[in-house]
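Asks: One structure, as structure tokens, below. Some questions next.
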Amino acid sequence: MKNNRTTWPKDVIARYVTMGGATVEVKADKSTDGHASGSCDGCGHRIAWGRAVHVCRDAHRHAETCRAMSRWTAS
Ligand SMILES: [Zn+2]
């Protein structure tokens, strides 16, 4: 069974736990220094590619409001 919470791939630079217990993951763009994009594994929301600092801020903001539960934590 895939466990998305314990694996931490090298390109993941930040993770935020949402209200619903899902994870918003920010991944670095290896081809463009200092840039990243993100996605929420609870609701599928995607955070647009951009400067990593902005993507992290948006990911944090989404995590504070998203109540979707991660499919990885649902039984
Ligand atoms: Zn979400």
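Asks: Order these peptides, 26-34, 11-19, by their mean beta-carbon neighbour count within 10 angstrom, highest first.
Replies: Ranking, from highest mean packing down: 11-19, 26-34.
Asks: Same structure, new question: Tell me, what % of the accessible area of the chain is carbon and sulfur with a 1.4 angstrom probe?
Replies: Working: 2620 of 5010 Å².
Heavy-atom surface of the chain belonging to carbon and sulfur, 1.4 Å probe: 52 percent.
Asks: Something else about it: Would you kindly derive the ³J(HN,Hα) couplings of segment 7-14 from the backbone phi angles with the Karplus curve 6.51 cos²θ - 1.76 cosθ + 1.60 (θ = phi - 60°), listing them in order in whole Hz, with x for Gly and Pro?
Replies: 7, 9, x, 4, 7, 7, 9, 7
Asks: Rounded to a whole number, what is D in µm²/s for segment 12-65 from Stokes-Einstein with the Kirkwood radius over alpha-carbon pairs (25 °C, 0.890 mPa s)?
Replies: After rounding, the answer is 232 µm²/s.
Asks: Please find, in a Gaussian network model of the chain (springs between Cα atoms separated by less than 10 Å), the residue of Ala36, Ala48, Ala63 whose mean-square fluctuation is greatest.
Replies: Greatest mean-square fluctuation among the candidates belongs to Ala48.
Asks: Sort Glu64, Glu25 from largest to smallest accessible area, using a 1.4 Å probe on the heavy atoms of the protein chains. Don't jump to the answer; show the numbers that get you there.
Replies: Values: Glu64 115, Glu25 25 Å².
Final ranking, largest accessible area leading: Glu64, Glu25.
Asks: Please give the length that would be gained between Arg46 and Trp8 if that part of the chain were fully extended, namely 0.36 nm times their separation in residues minus their C-alpha to C-alpha distance (nm, one decimal). Each step should come with its number before you reach the end.
Replies: On the way: separation 38, 0.36 × 38 = 13.68 nm, distance 1.86 nm.
Working it through step by step, the gained length comes to 11.8 nm.
Asks: Using a 1.4 angstrom probe, figure out how much accessible area segment 12-65 has per residue, in square angstrom, rounded to the nearest whole.
Replies: Roughly 55 Å² per residue, with all protein chains present.
The values are calculated or read from the model by the stated rules, or taken from the named source; none is laboratory data. Predicted model only: the values in this text are computed from it and were never measured. So basically every Cβ, Gly included, is an ideal-geometry build from the backbone, and we count neighbours across all protein chains shown. Just the protein is used for accessible areas: all its heavy atoms, side chains included, with ligands, DNA and RNA removed. Shrake-Rupley method; radii C 1.70, N 1.55, O 1.52, S 1.80 Å.
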